[in-house]
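In what follows, a single structure is set out as structure tokens and then discussed.
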Amino acid sequence: MQPKLIIHGGAGSSLKGKGGVEAVRRSLLSILETVYSSLLAGQSAQDAVVQGCQLLEDDPRFNAGTGSVLQSDGQIRMSASLMVGTTQRFSGVINVMRVKNPIQLAAFLQQQPDRILSDVGALELVRELQLPPYQPLTEQRLQEWLQDRQNNFQRSMADVVAAGETTPEGRYGTIGVVALDQAGRIAAGTSTGGKGFERIGRVSDSAMPAGNYATAHAGVSCTGIGEDIVDEALAARIVVRVTDGLSLYDAFDRSFQEAQHRQRDLGAIGLDATGNIAWGKTSEVLLAAYHTGERMGDTLEWHGDARVGHP
Ligand code: GLY
């Protein structure tokens with residue numbers, strides 16, 4: 001079967017100026033091409049998702065891994081999860097610190113009896129796996145935090161991308177990858193530095209089935225305000241609808257109609273086992289890119305009232 005792939009680097013208000021859009025597009029398309037080549041070479045959906053999340057975490061432009069935003073106490077705590085559709089198995093880490101690729105921990109936990117670890121447990125796992133201590137802080141994120149501290153943390157979320165030009169109100173970061181491999185298997189992965197400036201101990205949707213979910217029929221990764229995503233149980237809601245027989249597009253459409261009605265601020269990407277790809281947003285922009293097998297495309301300049309799209 002022809003592999004399919006969709007990735008995202010967050011959602012938010014607008015990316016100001018061509019410079020911002022082009023830089024984000026270059027990052028997303030380069031990662032998309034690399035991961036799609038791996039899928040074409042026979043890589044499993046699970047490994048492709050881990051590879052894609054790692055590349056997005058390593059890009060300081062996005063709010064996950066290197067380039068994660070700081071919490072209210074000036075610390076970086078990251079969350080990531082992986083869900084494999086064929087086994088319908090979820091694993092993840094919540095609020096882990098000083099590690100380069102949180103998605104690696106989620107991947108390791110796939111085969112463990114205890115599959116979701118939070119702060120102390122996640123740190124203990126980092127030590128157990130002998131991963132080198134890593135500082136994901138970038139100068140840009142530090143400056144943003146210092147500036148926001150001066151404004152007494154008035155913002156509700158950090159910027160969607162760290163580098164490039166963003167409007168002051170452009171905010172929500174998280175990265176995600178959903179893949180369908182040659183054997184027809186689906187996997188979904190999501191990773192984040194959180195909303196930024198949040199209270200210590202706040203738990204992100206990215207390491208919950210609300211923000212990242214897959215079955216043998218479909219997979220979805222979400223971005224946006226975690227509390228809104230949790231309230232909608234968005235990833236699970238869309239995937240279960242597809243699993244119960246709704247088309248991917250209709251499942252996105254119905255779920256985003258409901259989310260918009262409740263004035264949520266979020267976005268999502270997904271694909272199904274027959275190779276359909278879809279995305280949706282209630283926010284102004286969604287930073288997503290996809291590979292259909294025939295062509296690559298992105299949603300960076302997809303504005304306006306449309307809630308849901310497909311290639
Ligand atoms: N969606 C990322 C977060 O709210 O933590």
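Brief remarks on what is shown
- Mean projected area in nm² (Cα convex hull; one quarter of hull surface) for the chain: 14.1 nm²
- Here the label points at THR34 and TRP302, each 7 Å from Cα along the C-beta direction, are separated by 2.4 nm in the simple model.
- Stretchable slack from ASP250 to ASP73, in nm (0.36 nm times residue separation minus alpha-carbon distance): 59.5 nm
- On the chain, 47 percent of the accessible area sits on carbon and sulfur atoms, based on a 1.4 Å probe.
- Mean Kyte hydropathy of 0.0 or more with a Cα span along the axis of at least 27 Å, helices from DSSP in the chain: 17-40
- The chain: relative contact order as a whole-number percent, Cα under 8 Å and 6+ apart: 25 percent
- Ordering MET83, MET97, MET1, MET208 by accessible surface, largest first, gives MET1, MET208, MET97, MET83; the 1.4 Å probe counts only protein heavy atoms, with every chain in place.
- Extension gain from GLN263 to ARG89, taking 0.36 nm per residue of separation minus the Cα-Cα distance: 59.6 nm
- Accessible area in square angstrom per residue, the stretch 1-83, 1.4 angstrom probe: 29 Å²
- Residues within the reach of a label modelled at ARG127 (point 7 angstrom out along Cα to beta-carbon, backbone nitrogen below 18 Å), restricted to the stretch 87-104, are 94-100.
- Dimensionless Rg/Rh of the stretch 1-143 - Kirkwood Rh, Rg from C-alpha atoms: 0.98
- With the convex hull of the Cα atoms taken as the outline of the stretch 195-311, the averaged projected area works out to 7.4 nm².
- Check: the chain dipole with +1 on Lys, Arg Cβ and -1 on Asp, Glu Cβ, in debye: 160 debye
- Of all DSSP beta bridges in the chain, antiparallel share, percent nearest 5: 95 percent
The values are calculated or read from the model by the stated rules, or taken from the named source; none is laboratory data. The shown structure was predicted, so the numbers you read here are calculated from the model rather than taken from an experiment. Positions of Cβ are backbone-derived with ideal geometry, glycine not excepted, and every protein chain shown enters the neighbour counts. Protein only, heavy atoms only, side chains kept; ligands, DNA and RNA dropped before computing areas. Shrake-Rupley method; radii C 1.70, N 1.55, O 1.52, S 1.80 Å.
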